[in-house]
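To start, the structure itself, in structure tokens.
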Amino acid sequence: MYHRLSESSHFQRLVIREKTSAEELLSGPYIRFSPTDAWRPNLNIYESRQAFLICVDLAGMKPEEINVDVNGNIFSIRGERSAPMPSRASEIGVHLMEIDTGVFCRQVELPTPVDRSAVTAHYRDGLLWVTLPKVK
């Protein structure tokens, strides 16, 4: 016999099933947070007639932890970001960890070659700004 569930009944079953799954995940041996294996910092690329300007979101990093390279028209950035820890980390537990950490590498192919000898960068407020003048 075929029994058709009403939309509200179907929705209630999904909510109950979702709630049970969430309760199971947050109890027992389940892990409450799961850092990613690799992360990719977000970036914006701007272009003028003379240069490309790349802005990379690297909050919490020190400039010496960041390596930028340019080869032809390939922009590469590498580094490693450590997990932020409160000052008394041994006395507290973790409820949620969403900030990506670890080793990263990004490579972006630009539409035209850039002058590697004229590349400049500055790091301010967690953002790395890289200016890549185009080859004339």
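Quick notes
- Selection over the range 118-136 of residues that are at pLDDT below 95 and hydroxyl-bearing (Ser, Thr, Tyr) gives a count of 0.
- Residue list for the range 99-136, restricted to those being acidic (Asp, Glu) and closer than 16 Å to Gly79 by Cβ: Asp100
- Selected residue [modelled with pLDDT of 95 or more, of a type in the set (Ser, Thr, Tyr) and either closer than 21 Å to Glu98 by Cα or surrounded by 11 or more Cβ atoms within 10 Å (Cβ to Cβ) (or both)] from Ser27, Ser76, Ser48, Ser21: Ser76
The values are calculated or read from the model by the stated rules, or taken from the named source; none is laboratory data. Keep in mind it's a predicted model, so treat the numbers as computed, not measured. Note: ideal-geometry Cβ built from the backbone for every residue, glycine included; neighbour counts use all protein chains shown.
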